[in-house]
1. What net charge is computed for the residues neighbouring B:Leu175, neighbours being all others with C-beta under 10 Å from the C-beta of B:Leu175, Lys and Arg scored +1, Asp and Glu -1?
2. Around A:Ser184, what is the net charge, scoring Lys/Arg as +1 and Asp/Glu as -1 over all other residues with Cβ under 12 Å from its Cβ?
3. Find the eigenvalues of the gyration tensor of the Cα atoms of segment B:120-176, then list the square roots of 5 times those eigenvalues as equivalent ellipsoid semi-axes, largest first, in whole angstrom.
4. With a cut-off of at most 12 other beta carbons within 10 Å, and DSSP calling the residue loop, which GluC sites (Glu not before Pro) in segment B:116-176 qualify? Please list them.
5. Hey, got the Cα dimensions of segment B:46-150 along the principal axes, in Å, largest first?
6. Sort B:Ser107, A:Ser184 by Cβ crowding within 10 Å, fewest neighbours at the top.
7. Restricting attention to the alpha-carbon atoms of the protein assembly as shown, what are Rg (one decimal) and Dmax (integer), both in Å?
8. Within the P(r) computed for chain A, what percentage of the Cα pairs occupies the region above 23 Å?
There are 2 protein chains.
Amino acid sequence: MTDVRTERSSAAGQPTGKRQGKRERLLAAAIELLHQEGVERTTLADIAHRAEVPVGGVYYYFKTKEDVVTAVIEAHAAEVRASLADIEHRHGSPKDRLKALVDQFASRNELIAEFGCPLGTICSELDKRHVETSPAAVLMRLPIAWMEEQYRALGCDDADELALELMAAYEGSALLANTMRDPSILTGAARRINRGIDAL
Amino acid sequence: MTDVRTERSSAAGQPTGKRQGKRERLLAAAIELLHQEGVERTTLADIAHRAEVPVGGVYYYFKTKEDVVTAVIEAHAAEVRASLADIEHRHGSPKDRLKALVDQFASRNELIAEFGCPLGTICSELDKRHVETSPAAVLMRLPIAWMEEQYRALGCDDADELALELMAAYEGSALLANTMRDPSILTGAARRINRGIDAL
DNA sequence: GTCTATAAATCGATAGAC
DNA sequence: GTCTATCGATTTATAGAC
């Protein structure tokens, strides 16, 4: 639906200097499809087709489907880390930083009402593959640990609980907004969360 | 793992009087597996095997896999309705009723940390089947509408928002508890929610 | 190094035996 | 009415051609 072309013709550190952005296209397609269609319902053929890459050719860039999932998780983690670093760079006070994160959440309300939170849905789905430690759990811990830092900088003793509460409020609202297909559930949640931050 | 045998040898309104509890066993197995393994990962063979019914025999009791899913949703809805009716019967005041619901949530913390909220996970997963109105959305609306009634009886103008907030806090905490495999996230959430109800 | 053709396995569903 | 045997479609993965 949306055009996610992060093309960069023959750049980056590939061994041979003869690569177009095929791996990047496959990864971008996988990120979209795993979010919109779900991990289990997305086939490698779907990914290859959206990336405009030959169907069997996926296995040249990824060993297995689980490798694709791992790459998607790492891409999400990199994006979250970059977002948090950007917020830290743009805002000095912990309160402003927390509210900037809430604002950033709010900028994707329509997408989340349609397909759910990218982090939340993938965590929920990957939990069903009973691996010891879910590889998606790191995605959740990134923003939570960061929020805990901010709350701690504000002098809150229960910084860990406040961070969990904020994330839970957001993820729960994302689930309800997605289930009811109603983005306004997320705007209401953002308003309440911001009010709580101001009242600290 | 847990024994869900709602056996009732040849009862209920079947056309012929010659039915053991096979359909009931299949439904009970489906309820468990859809929760623990997920909708997409659960096969009809898995369900038949857990119900100790011949593999192909599922199709005598259910037309298609989607029919099984529909039956599971309806079973969940019936259970939720029964729980809410029971709470209304046992408690007179809206505050006590809301807190009784939170207590009931809390009684399943370990199960939820292991497999997620049965309602939340099925809503999240079924949303990926882009049907107009998700059949699982009714599951979410049942407790939300009921909570809204209680808040309205307490004289809250923003009863709808309070109900959404409570449900979101619970579902978000369930997702985090499941992702981190930590039931204490749910006990912390329940404590906060109860505090909010008392402060009304 | 890249991709086509195909193997191997799995799953939903059906036809028909008992 | 109940269930066995099997079909057809799909999907992951590989072997090997170019």
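We did not get these values from a lab; they are worked out from the coordinates using the rules stated. Owing to the predicted nature of the structure, the values given are computational and were not obtained by experimental measurement. Note that we place each Cβ from the backbone using ideal geometry, even for glycine, and neighbour counts take in every protein chain shown.
1. Working: positive: none; negative: A:Asp127, A:Glu171, B:Glu171.
Combined, the nearby Lys, Arg, Asp and Glu give -3.
2. Values: positive: A:Arg181, A:Arg191; negative: A:Glu110, A:Asp182, B:Asp160, B:Glu161.
Local charge sum for A:Ser184: -2.
3. On the way: eigenvalues 118, 36, 11 Å².
One finds semi-axes of 24, 13, 8 Å for segment B:120-176.
4. Working: sites: B:Glu125, B:Glu132, B:Glu148, B:Glu149, B:Glu161, B:Glu165, B:Glu171; in loops: B:Glu132.
Those satisfying the criteria are B:Glu132.
5. Projected onto its principal axes, the Cα set of segment B:46-150 covers 50, 33, 26 Å.
6. On the way: B:Ser107 8, A:Ser184 12.
With the sparsest Cβ surroundings first, the list reads B:Ser107, A:Ser184.
7. Expressed in Å, the Cα Rg and Dmax of the protein assembly as shown come to 22.8, 75.
8. On the way: 10011 of 19900 pairs.
Value for chain A: 50 percent of Cα pairs lie more than 23 Å apart.
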